[in-house]
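Colleague: Just passing along the structure, written as C-alpha cells.
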Amino acid sequence: MTSIEIKNILEKQRAYFNSGVTIPVKYRVLMLKKLYSVIKKYEKEITNMLTLDLGKSDFEGFMCEVGLTLTEISYMIKNVKKFAKEKKVKTPLAQFCSVSYKKPVPYGNVLIMSPWNYPFLLTMEPLANAIASGNTVMIKPSAYSPNTSSIVKKIIEECFIPDYVAVVMGGRQENSALLEQKFDFVFFTGSQSVGKEVLRKTAENLTPSILELGGKSPCIVDDSANLKIAAKRIVFGKFLNLGQTCVAPDYILCHKNVKDFFLKAVIEEIKKQYGENPFANSDYGKIINDKHFDRLQKLICKEKLVYGGKVDKQTLQIEPTVLDNVLWTDNVMQEEIFGPIMPILTFDDINEVIALLQKKPKPLALYIFSENKTNIKKVTELVSYGGGCVNDTVIHLATSEMGFGGVGESGMGSYHGEVGFEAFSHIKSIVNKKTWIDLPMRYQPYNRKIYGKLLKIFLK
C-alpha cells in the first residue's frame with residue numbers, strides 16, 4: 001500500500017471520528033459484540049493460521065491467543081459503560097460554587113502495530129481497548145506472520161468499514177509510511193530497536209505512544225523455593241511458544257545450594273511436558289523464520305550444554321535447551337534470547353542479586369520462586385520491572401483486572417481492562433462553574449484589606 005493510499009484512509013477515518021459516530025457507548029458495545037461474534041465464527045481458521053505461522057497447536061492457539069482475546073472483549077463489553085462515565089471529584093472551596101469532574105474521551109485516530117509472536121492476541125486485545133474507548137483504528141500486522149495477518153484482515157473487513165477500522169498489510173515500507181502520518185495515538189508491540197524508531201517518529205508530531213517491548217526477564221530461584229513446582233512452572237513459561245514470548249523467563253538465577261536439584265527437576269519436567277523427542281510432539285511449535293533460527297543456533301554453547309540442543313533446519317525447530325555454569329559474559333547473556341534456550345546462573349546472596357539487577361536494563365517481567373517473605377518483599381520492592389509473578393511465570397498478563405506493560409527499556413504505558421480503556425483515552429479535567437454567584441476576590445484591583453485573610457483561608 002502506498003503512502004497516498006494510507007493517507008487517504010487516515011483522512012476518511014479522521015472525518016468519521018469527527019462526525020461523532022464512535023462516541024456513544026451503545027455504538028462501542030455494538031462493535032465489540034460484532035467483533036466477538038466474528039472471531040468465534042473464524043475460531044478454527046484462526047488457530048489453523050497460527051499453526052502455519054508458528055507451529056502452535058489448536059489447543060495452545062486457543063489458550064494463549066483466541067481465548068484471551070475473547071475474554072478481554074467480553075470484559076470490555078461488560079464494563080465500558082462504567083469506564084466511560086464522567087467521574088465527579090471534590091471541588092476546592094476557592095472554586096465555590098462549581099462542580100468538578102473527569103471526562104474520558106477518545107484520542108481519535110489510533111495506529112496499532114502488532115508483532116509476530118502472538119500475532120492474533122497482540123492485535124485484537126489493544127483493538128478491543130481502542131474500540132471501547134471510542135477511537136477509529138488503523139492496524140498494521142506483522143509481515144513475519146502472514147497467515148495470521150490474513151485472517152486478521154478478513155475478520156476486520158467483515159466487521160467494520162475501513163473508515164472505522166482498517167488493516168494495512170505489508171512490511172517495512174508500509175511501516176515507514178504509517179509512521180510518517182500524524183495519528184492521535186500510537187500503540188506498538190515489538191523489539192526495542194524498532195520501538196526506538198517508532199518513538200523517534202511519533203516525537204516529530206508529539207504523538208502520545210505506548211511501547212510494549214521486551215528485554216532479558218530474570219527468574220530467581222532461592223534456596224527456600226519449592227523446587228519441583230518451580231521447575232514445572234518455569235519450564236512451562238520458558239518453552240511456551242518455543243520461548244517466543246515477550247515475558248518468558250529469559251534466564252535463571254538459582255541459589256548455588258539448590259542448583260543441582262533444580263537442574264535435575266528442570267530436565268525431568270522438559271521430558272514430562274514435551275517428551276523424550278520434542279520434534280515428534282505435534283503440540284511443539286517452531287521458530288518463526290530462518291533469520292531467528294540461525295540467530296538462536298549461535299547462542300547454544302556446546303561446552304555449557306547439559307540438555308537438548310538438537311535443531312532441525314527444515315522444520316525450524318530447536319529442542320528445549322538448558323545451559324549450565326553460564327557467565328554474564330557469555331553470548332547468550334548479551335541479548336534477549338526469545339527462543340527455547342534456558343541459561344542457568346548461580347548466586348550466593350539475594351542482596352547481591354538485587355544490586356546486580358538494579359544496574360541492568362529494566363526488564364518487562366521478573367519472577368521469583370521463594371517461600372522466604374523477606375526475599376520476596378526485597379525483590380518486588382527494590383528491583384524495577386514491568387510486572388511479574390511470585391512462584392509462577394507469565395500468567396500475570398492473562399487478566400483484565402490488571403494493567404500489563406513495561407518500564408524503562410522494556411517499554412512505556414500499560415493496557416488490559418480498565419487500564420487499557422484509559423490508555424486509549426484522554427481524561428479531561430472539567431470545572432462547571434455556576435453563574436448565580438461570582439466571588440470578587442480574584443479580580444483586579446486586588447483588595448488586600450478585605451480579601452487577604454479570606455484568600456489565605458481558601459488556599460491554606
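Colleague: Does the range 347-366 hold any residues that are out of contact with any Lys or Arg (no Cβ under 8 Å at 6 or more places or on another chain), touching a residue at least 12 places away in the same chain (Cβ under 8 Å) and not in a helix (DSSP H, G or I), and which are they?
Modeller: Matches in the range 347-366: K362, L364, A365, L366.
Colleague: Run down L242, L253, L227 and say which single residue is open to solvent by 10 Å² or more (accessible area, probe 1.4 Å) and either closer than 27 Å to L327 by Cβ or modelled with pLDDT under 95 (or both).
Modeller: That would be L227, the only listed residue that is open to solvent by 10 Å² or more (accessible area, probe 1.4 Å) and either closer than 27 Å to L327 by Cβ or modelled with pLDDT under 95 (or both).
Colleague: Can you tell me which of A128, A132, A166 is surrounded by fewer than 23 Cβ atoms within 10 Å (Cβ to Cβ), small (G, A, S) and touching a helix residue (DSSP H, G or I) at 6+ places or on another chain (Cβ under 6 Å)?
Modeller: A166
Colleague: Could you please let me know if E418 is closer than 23 Å to I210 by Cα, crowded, with 19+ Cβ neighbours inside 10 Å and among the acidic types (D, E)? First the steps, then the outcome.
Modeller: On the way: closer than 23 Å to I210 by Cα: yes; crowded, with 19+ Cβ neighbours inside 10 Å: yes; among the acidic types (D, E): yes.
Yes.
Colleague: Of the residues that make up the range 1-18, is at least one closer than 19 Å to I151 by Cβ and either open to solvent by 70 Å² or more (accessible area, probe 1.4 Å) or of a type in the set (A, V, I, L, M, F, W, C) (or both)?
Modeller: The answer is yes; a qualifying residue exists.
Colleague: How many residues, within the range 89-98, are touching a Ser or Thr at 6+ places or on another chain (Cβ under 7 Å) and either at positive phi or not in a loop (DSSP other than H, G, I, E, B) (or both)?
Modeller: 2
Colleague: If K313 satisfies every condition in (1) open to solvent by less than 30 Å² (accessible area, probe 1.4 Å); (2) farther than 17 Å from C219 by Cβ but one, which is the exception?
Modeller: Failed condition: (1).
Colleague: As an exercise: evaluate A177 against (1) assigned to a helix (DSSP H, G or I); (2) hydrophobic (A, V, I, L, M, F, W, C); (3) surrounded by fewer than 19 Cβ atoms within 10 Å (Cβ to Cβ) and give the number of the one condition it does not meet.
Modeller: It is condition (3) that A177 fails.
Colleague: Something else now. So which of T380, T374 is open to solvent by 70 Å² or more (accessible area, probe 1.4 Å) and polar (S, T, N, Q)?
Modeller: Checking each option against the conditions leaves just T374.
The values are calculated or read from the model by the stated rules, or taken from the named source; none is laboratory data. All values reported here derive from a predicted model rather than from experimental measurement. All Cβ positions, even for glycine, are placed from backbone atoms using ideal geometry, and neighbour counts span all protein chains on display. Calculation scope for accessible area: heavy atoms of the full protein, side chains included, ligands and nucleic acids excluded. Shrake-Rupley method; radii C 1.70, N 1.55, O 1.52, S 1.80 Å.
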